[in-house]
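One structure is given here, and the rest of the page talks about it.
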Amino acid sequence: GNLMNLCRLRSLIYTFMIKNYIPSNVARMVFAASMALFGVFHFLGAKDMAGMVPAYLGFIPGEIWVYLTGLGLLGAAASFILDQKVKLAGYLLALMLVLFALMLHVPCLGDAAKGQLAMIMMLKDLGLAMCAVLIANASEN
């Protein structure tokens, strides 16, 4: 009777809190903190990063692109931390990161001097994009 109910309650608490809820939220917060830090770095290093902006996007100065992407990173981080519009933020962040991989890193893959770093950065951005998708898919809002 009571012992069986207590065991069921313990099992439910374990499954919900320990196995699912806590690890998922910790992962989301760590990911959000990383994105926030990347966003801050975009603001602090905009002049240095502006040279990475492809020439065909020159209709807007490179620094402005860096600030806009920094704002996107900070916005996604805020969304994940505040648990607001997480699906939208996650999918938009994933799109931005995939675009980074395609527009910034893929063109450098054939370059003898930059190829290895471009591959590392491309894989990093694609991995982060997939994490953003997982966060978006796990969210109810």
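Restricting attention to region 76-85, does a residue exist that is over 30 Å from K114 (Cα atoms) and among the acidic types (D, E)? If you could, list the steps in order and put the result at the bottom.
In the first step, residues of region 76-85 are kept if they are over 30 Å from K114 (Cα atoms); the result is 78-85.
If we keep only those that are among the acidic types (D, E) as well, we get 83.
Taking every residue of region 76-85 in turn, at least one turns out to be over 30 Å from K114 (Cα atoms) and among the acidic types (D, E).
Which condition does M4 not pass, out of (1) open to solvent by 80 Å² or more (accessible area, probe 1.4 Å); (2) in contact (Cβ under 8 Å) with a residue 60 or more places away in the chain, if it passes all the others?
The number of the failed condition is (2).
Of G90, G70, G51, which residue is farther than 19 Å from L128 by Cβ and either in a helix (DSSP H, G or I) or over 17 Å from the mean Cα position of the chain (by Cα) (or both)?
Details: G90 fails: farther than 19 Å from L128 by Cβ; G70 fails: farther than 19 Å from L128 by Cβ.
Criteria check complete, one pass: G51.
Looking at I64, I22, I60, can you tell me which residue is farther than 20 Å from I135 by Cβ and surrounded by 11 or more Cβ atoms within 10 Å (Cβ to Cβ)? Don't jump to the end; show me each part of the working.
Working: I22 fails: farther than 20 Å from I135 by Cβ; I60 fails: surrounded by 11 or more Cβ atoms within 10 Å (Cβ to Cβ).
From the options I64, I22, I60, the qualifying one is I64.
So that you can scan it fast, the table gives a plain yes or no per residue for (1) closer than 18 Å to V53 by Cβ; (2) charged (D, E, K, R); (3) in contact with a helix residue (DSSP H, G or I) (Cβ under 6 Å, 6 or more places away or on another chain); (4) modelled with pLDDT under 95:
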{"position": "L74", "(1), (2), (3), (4)": "no, no, yes, no"}
{"position": "A78", "(1), (2), (3), (4)": "no, no, no, no"}
{"position": "L82", "(1), (2), (3), (4)": "no, no, no, no"}
{"position": "K87", "(1), (2), (3), (4)": "no, yes, yes, no"}
{"position": "L92", "(1), (2), (3), (4)": "no, no, no, no"}
{"position": "V98", "(1), (2), (3), (4)": "yes, no, yes, no"}
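Could you say which residue among A50, A76 is of a type outside the set (D, E), open to solvent by less than 70 Å² (accessible area, probe 1.4 Å) and within 20 Å of N137 (Cβ to Cβ)? Lay out the reasoning, then the answer.
On the way: A50 fails: within 20 Å of N137 (Cβ to Cβ).
So the residue among A50, A76 that is of a type outside the set (D, E), open to solvent by less than 70 Å² (accessible area, probe 1.4 Å) and within 20 Å of N137 (Cβ to Cβ) is A76.
Just the residues that are outside any helix (DSSP H, G or I) and not aliphatic (A, V, I, L, M), please, taken from region 95-141.
Kept after step one, since they are outside any helix (DSSP H, G or I), are these residues of region 95-141: 109-114, 139-141.
Result: G110, D111, K114, S139, E140, N141.
Return the residues of region 89-110 that are open to solvent by 40 Å² or more (accessible area, probe 1.4 Å) and touching a residue at least 40 places away in the same chain (Cβ under 8 Å); say none if nothing qualifies.
Within region 89-110, Y91, M103, L104, P107 qualify.
Filter region 111-141 for residues that are farther than 22 Å from G70 by Cβ and either open to solvent by 80 Å² or more (accessible area, probe 1.4 Å) or among the aliphatic types (A, V, I, L, M) (or both) and give the result. Write out each step before concluding.
Taking region 111-141 first, the residues farther than 22 Å from G70 by Cβ are 111-116, 119, 134, 137-141.
Matches in region 111-141: A112, A113, K114, Q116, M119, L134, N137, A138, E140.
The values are calculated or read from the model by the stated rules, or taken from the named source; none is laboratory data. Only a predicted model underlies this, so the values are computations on that prediction, with no experimental measurement involved. Backbone-built Cβ (ideal geometry, glycine too); neighbour counts: all protein chains shown. For accessibility, only protein heavy atoms count, side chains too; no ligands or nucleic acids. Shrake-Rupley method; radii C 1.70, N 1.55, O 1.52, S 1.80 Å.
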